[in-house]
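The values are calculated or read from the model by the stated rules, or taken from the named source; none is laboratory data. Computed from a prediction, not measured in an experiment: that's the story for all the values here. Please note: Cβ atoms are built from the backbone with ideal geometry, for glycine as well, and neighbour counts cover all protein chains shown. The accessibility values were calculated without ligands, DNA or RNA, using every heavy atom of the protein model including side chains. Shrake-Rupley method; radii C 1.70, N 1.55, O 1.52, S 1.80 Å.
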Amino acid sequence: MRDEQLVSVLISIYKEHVSVASQAIDSIRKQTYRNLEIVIMLDCPENKSMKAYLRQIADEDARVNYYINKKNLGLLKSLNLGINLCHGEFICRMDGDDISEADRIEEQMNFMRKAGIDLVGSYTQLMNMNGELTGEVRKFPSHHNYLCRYLKYGSAVPHPTWLVKKEVYKELHGYRDILYVEDYDFLIRACLKGYKIGVVPEALIRYRINQSGITQRNIAMQKIMSVVLAKQVFQRRIFSIDEIIEYRTKRSAEEEKVMSYYLIGKKWKNGEKITIEEKFKVIFSGYNFMEIKQRLACRFILIKDSKYDNNQNSGRLG
């Protein structure tokens, strides 16, 4: 894909430390694909050290443009504002605590051209909070058909790995206000609108696992909201925000049950002592059976995808 096509890299930063955010930003500044603009949204106006750092790199690198929100808006609103500030034909997402491999954008642009798709992601290589690689690589289907099938069970393209044609963001009016699962909702809407998605089968992002970043309540809400969003794929239609809110209200009583399930399961996984009663509660929980079913389905889809010939991709929802 021609190097003269401008790619806007959109990064939203909140309270990340300069030592962490600088690694993320430097990994973009050092990309082999050179025709970039780097749009940084600072969503914490009180972060004085970050302000000073952003001023410094903007002076050093003309590709860097930063904007400071007057108050904390949250990731969703900050990204929607940033989309409108991007001038490129393509928008590349990047989180403020991850690291992109040097050839990430070049590889994704080439994959997008060859596959004829509108949104592309990649595998992710996990690292801990200290930046040390864990050795685990998270894989996803590469081809559109199988990615759309995967969306019946969970998000199919990691949000920090996205590279998207700007026209897709414009057509879908950015992210909808669906807390914690806005990226999953966006992928589903893109598929249902006929846009093609894909994943480069390489780990082009080093993804930092923040164990303290997601509360049990957030995880519970993600699980509940993911169930209704997945119904959009099964029913092949995009739900209105009102429909989604109504569904969430009806399921709100389940939130405490889901929180309890994940909290006990996390203790068990970490080797903490739990009672036999608690073990039975996890094992025979409906959420446990649902997760097993989802994981098996996703594993089967991933195996089928690995054998799939990209030239036979029909581009239809599975």
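Couple of notes before you dig in:
- Pairing each residue of segment 89-102 that is within 14 Å of residue 131 (Cβ to Cβ) and assigned to a strand (DSSP E or B) with any residue that is of a type outside the set (Phe, Trp, Tyr) and open to solvent by 30 Å² or more (accessible area, probe 1.4 Å), provided the two are 6+ apart or on different chains, yields C-beta distances under 8 Å for 99/23; 99/131; 99/206; 100/206.
- Looking only at segment 264-302, residues that are surrounded by fewer than 16 Cβ atoms within 10 Å (Cβ to Cβ), part of a helix (DSSP H, G or I) and more than 23 Å from the chain's Cα centre (by Cα) come to 11 in all.
- Residue check, residue 130 part of a loop (DSSP other than H, G, I, E, B) and either over 20 Å from residue 229 (Cα atoms) or of a type in the set (A, V, I, L, M) (or both): yes
- Options 105, 57, 99; residue that is open to solvent by 10 Å² or more (accessible area, probe 1.4 Å) and not aromatic (Phe, Trp, Tyr): 99
- Residue within segment 39-53 that is in contact (Cβ under 8 Å) with a residue 40 or more places away in the chain, among the charged types (D, E, K, R) and surrounded by fewer than 20 Cβ atoms within 10 Å (Cβ to Cβ) present: no
- Condition met for residue 153 (in contact with a Cys (Cβ under 9 Å, 6 or more places away or on another chain), part of a loop (DSSP other than H, G, I, E, B) and of a type in the set (Ser, Thr, Tyr)): yes
- One residue alone among 67, 123, 146 is of a type in the set (Ser, Thr, Tyr) and in a helix (DSSP H, G or I), and that residue is 146.
- Residue within segment 71-90 that is closer than 12 Å to residue 11 by Cα, of a type in the set (S, T, N, Q) and within 22 Å of the chain's Cα centre (by Cα) present: yes
- Residue match in segment 163-180 (condition: outside any strand (DSSP E or B), in contact with a strand residue (DSSP E or B) (Cβ under 8 Å, 6 or more places away or on another chain) and open to solvent by less than 10 Å² (accessible area, probe 1.4 Å)): yes
- Inter-residue pairs, beta-carbon under 8 Å, first over 22 Å from residue 218 (Cβ atoms) and in segment 260-281, second of a type outside the set (A, V, I, L, M, F, W, C) and crowded, with 16+ Cβ neighbours inside 10 Å, 6+ apart: none
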